[in-house]
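**Student:** Structure in structure tokens, see below.
Every number here is computed from the coordinates shown, using simple stated rules; none is lab data. Since the structure is predicted, the reported quantities are computational estimates derived from the model, not experimental observations. Every residue, glycine among them, receives a Cβ derived from its backbone with ideal geometry; neighbour counts consider all protein chains shown.
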Amino acid sequence: METREALEQRLRHSCRTLRAWTWMSTVSDRTDEIIDILRDEALALVDLGRQHPDQARRIGSIICYYRRLIEQLKSDEADPA
């Protein structure tokens, strides 16, 4: 189990990753790869939430942002116009 400081660093890294991929999704045409990367990160966060139930709400909100971006990318891919 990670220490409190390591958990904070991990969550900050995940938020930075989300912001970076949000920007990258606007300039990249490889949406399938982006979706795979985002899904892997979201699944890692699910595991992290299981290890740290006291932070489950915070981790869950980050997972929701990942899910929204994935859904947005899927809908943009389905409607390229």
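**Student:** Under the 0.36 nm per residue contour assumption, what length would be gained going from the current alpha-carbon distance of SER75 and GLU5 to full extension? Intermediate values should be presented prior to the final figure.
**Tutor:** Values: separation 70, 0.36 × 70 = 25.20 nm, distance 3.68 nm.
Length gained, SER75 through GLU5: 21.5 nm.
**Student:** Quick one: what are the phi-derived ³J(HN,Hα) couplings along segment 22-31, Karplus 6.51/-1.76/1.60 with θ = phi - 60°, whole Hz, x for glycine and proline?
**Tutor:** Values per residue, Gly and Pro as x: 4, 5, 4, 5, 7, 10, 9, 10, 9, 5 Hz.
**Student:** Using 0.36 nm per residue, how much length does the chain from ALA44 to TYR65 gain when fully extended, once their Cα-Cα distance is taken away?
**Tutor:** Details: separation 21, 0.36 × 21 = 7.56 nm, distance 1.41 nm.
This chain segment gains 6.2 nm when fully extended.
**Student:** At 7 Å along the Cα-to-beta-carbon direction for both THR26 and ASP54, put a label point, then send me their distance in nm to one decimal.
**Tutor:** Those two pseudo-labels are separated by 3.8 nm.
**Student:** Restricting attention to segment 8-57, which trypsin sites (Lys or Arg not before Pro) occupy a DSSP loop and are surrounded by at most 14 other Cβ atoms within 10 Å?
**Tutor:** Working: sites: ARG10, ARG12, ARG16, ARG19, ARG30, ARG39, ARG50, ARG57; in loops: ARG30.
Taking segment 8-57 and a limit of 14 other Cβ atoms within 10 Å, the loop trypsin sites (Lys or Arg not before Pro) found are ARG30.
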